[in-house]
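See below for the structure under consideration.
The values are calculated or read from the model by the stated rules, or taken from the named source; none is laboratory data. These figures come from a predicted structure and were not determined experimentally. Quick reminder, even Gly has a Cβ in these numbers, built from the backbone with ideal geometry, and neighbours come from all protein chains shown.
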Amino acid sequence: MDIDIDVDQFDGLVEGIDAAELAVRAAAAGRLEAIYALHQALPTDRYSAACDALVAEVACSLNLSHRSAWRLYDEAFMICQRRGLLTALRTGDIDLTRAKLIATLLPTSDLQERWEADAIDYAGSHTTYQVRRWLLSRLPDGDDKAKKTAFEDRRVEITADRDGMTDLYAYLPTEVAEALFTALDTLARTNTVPDDQRTLAQRRADAVADLLDEQTVVKTTVAVVLPTSGIGATVNGCPLPWTNAWHLACRTDPTWFAWLATPTGRIINTTPGQYRIPTALARTVRARDQHCRFPGCSVPAARCDLDHTIPHPDGDTTADNLHCLCRRHHRIKHQTGWHVVNIGDNELEWTSPAGRTYRTKPPNTLDHAA
Ligand SMILES: [Zn+2]
């Protein structure tokens with residue numbers, strides 16, 4: 001259907017929106033700078049009572065709760081200390097939402113240095129959703145402490161709304177969220193009625209209630225892609241730490257299917273479950289190795305990953321090509337310059353990035369362990 005509209009008038013309206021948006025962005029930068037200037041004018045420690053008093057001043061002036069004022073103060077602190085980001089906001093290249101996203105997901109100076117300019121450039125022509133994905137796919141995996149802290153923050157919250165509705169929000173490990181959403185989507189597409197008038201979004205929402213019904217059974221499969229480079233793993237397309245993806249791929253329940261990919265993410269093996277190590281074989285390797293096979297490490301085999309010495313699919317999934325590695329050393333092997341070879345009888349020779357070599361032997365032989 002043609003829309004009867006004067007093109008020049010339409011163009012003028014859109015230009016008006018663009019101009020207003022530029023003004024909003026510049027004003028957002030100005031507001032952050034004003035708050036940051038207040039902080040700079042007072043010699044206060046960020047966590048001191050004097051700083052808290054300053055935030056109370058901002059809260060009263062803007063009619064905000066103390067908590068909201070602190071959030072604003074944190075944003076000012078976070079963005080105004082990064083000149084590139086502040087300039088991009090002031091000149092209108094990006095909006096406040098994208099500026100906060102970049103500041104939050106690139107928090108450390110080395111990440112800033114490496115990605116900030118590219119992120120600003122990318123954010124200028126992509127949606128917030130795309131920018132988030134772009135940033136997440138470039139972040140190195142957090143260390144164990146960071147992952148533990150994030151995991152401890154998992155939660156489900158509800159907020160009442162009007163007209164008998166309520167928001168339900170969950171902060172979950174990526175693979176759980178993907179599995180849950182896939183289950184809801186599956187139910188939404190299968191639990192239909194004749195002449196169903198509901199939209200897909202409405203059917204997914206109704207599927208949440210279906211899950212409460214004991215009679216409802218839903219089988220979920222989630223795709224795990226595991227690049228051989230040791231970075232860039234995804235679950236249903238969502239970035240997640242490589243070691244988490246590895247653990248999903250090794251699980252024996254049929255929910256998680258692993259696809260092996262090249263370092264650039266190109267799928268090279270689409271047969272589900274190829275990465276799975278049979279239980280008996282895993283038991284044998286753990287009995288042979290007893291602990292992590294990195295030099296000097298004594299993390300028990302039960303808490304170790306089983307790693308292919310020659311990466312799959314070039315290397316076979318056999319006892320001679322598998323060894324136990326704890327999470328830390330597994331990550332070090334895949335993400336840094338360490339290399340390992342089996343020099344015979346399952347003796348491993350490790351070569352460090354500096355070129356030094358170290359050897360470790362398994363405490364048990366295979367005959368003894370089998
Ligand atoms: Zn170890």
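Structure summary
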{"quantity": "Residue in the stretch 146-155 that is in contact with a helix residue (DSSP H, G or I) (Cβ under 8 Å, 6 or more places away or on another chain), within 30 Å of LEU85 (Cα to Cα) and either of a type in the set (A, V, I, L, M, F, W, C) or not in a helix (DSSP H, G or I) (or both) present", "calculated": "no"}
{"quantity": "Members of the stretch 288-334 that are under 22 Å from ALA245 (Cβ atoms) and away from the ligand (no atom under 14 Å from the Cβ)", "calculated": "HIS308, THR309, ILE310, PRO311, HIS312, PRO313, ASP314, GLY315, ASP316, THR317, ASN321, LEU322"}
{"quantity": "Test: residue in the stretch 166-173 that is under 30 Å from ALA53 (Cβ atoms) and more than 23 Å from the chain's Cα centre (by Cα)", "calculated": "no"}
{"quantity": "Residue match in the stretch 104-117 (condition: at pLDDT 90 or above, in a helix (DSSP H, G or I) and of a type in the set (Lys, Arg))", "calculated": "no"}
{"quantity": "All positions within the stretch 272-299 that are touching a Leu at 6+ places or on another chain (Cβ under 9 Å) and at pLDDT below 75", "calculated": "GLN274, TYR275, ILE277"}
{"quantity": "Every residue from the stretch 303-346 that is in contact (Cβ under 8 Å) with a residue 12 or more places away in the chain and on the phi > 0 side of the Ramachandran plot", "calculated": "ASP345, ASN346"}
{"quantity": "Residue that is basic (Lys, Arg) and touching an Asp or Glu at 6+ places or on another chain (Cβ under 8 Å), where the choices are ARG198, ARG189", "calculated": "ARG198"}
{"quantity": "Among the residues listed as LEU111, LEU38, the single one being more than 23 Å from the chain's Cα centre (by Cα) and of a type outside the set (Gly, Ala, Ser)", "calculated": "LEU38"}
{"quantity": "Selection status of ALA53, surrounded by 14 or more Cβ atoms within 10 Å (Cβ to Cβ) and of a type in the set (A, V, I, L, M)", "calculated": "no"}
{"quantity": "Residue within the stretch 156-175 that is surrounded by 12 or more Cβ atoms within 10 Å (Cβ to Cβ), outside any strand (DSSP E or B), of a type in the set (A, V, I, L, M) and at pLDDT 90 or above present", "calculated": "yes"}
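Residue-by-condition table, conditions (1) touching a helix residue (DSSP H, G or I) at 6+ places or on another chain (Cβ under 8 Å); (2) small (Gly, Ala, Ser):
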residue	(1), (2)
VAL14	no, no
ALA19	no, yes
ALA26	yes, yes
ALA37	no, yes
SER65	yes, yes
LEU72	yes, no
GLU75	yes, no
LEU86	yes, no
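Condition check ((1) surrounded by fewer than 17 Cβ atoms within 10 Å (Cβ to Cβ); (2) out of contact with any His (no Cβ under 6 Å at 6 or more places or on another chain); (3) of a type in the set (A, V, I, L, M); (4) assigned to a loop (DSSP other than H, G, I, E, B)) across all residues:
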{"residue": "ARG283", "(1), (2), (3), (4)": "yes, yes, no, no"}
{"residue": "ARG286", "(1), (2), (3), (4)": "no, yes, no, no"}
{"residue": "ARG293", "(1), (2), (3), (4)": "no, no, no, yes"}
{"residue": "SER298", "(1), (2), (3), (4)": "yes, no, no, yes"}
{"residue": "PRO311", "(1), (2), (3), (4)": "yes, yes, no, yes"}
{"residue": "ASP316", "(1), (2), (3), (4)": "yes, yes, no, yes"}
{"residue": "ASP320", "(1), (2), (3), (4)": "yes, yes, no, no"}
{"residue": "VAL341", "(1), (2), (3), (4)": "yes, yes, yes, no"}
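Yes/no matrix, rows are residues, columns are (1) buried (at least 19 other Cβ atoms within 10 Å of the Cβ); (2) aliphatic (A, V, I, L, M); (3) closer than 22 Å to PRO241 by Cβ; (4) outside the structural domain of ALA233 (by TED's automatic domain parsing):
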position: TYR36; (1), (2), (3), (4): yes, no, no, yes
position: ALA49; (1), (2), (3), (4): no, yes, no, yes
position: ASN63; (1), (2), (3), (4): no, no, no, yes
position: TRP70; (1), (2), (3), (4): no, no, no, yes
position: GLN81; (1), (2), (3), (4): no, no, no, yes
position: ILE94; (1), (2), (3), (4): yes, yes, no, yes
position: ALA103; (1), (2), (3), (4): yes, yes, yes, yes
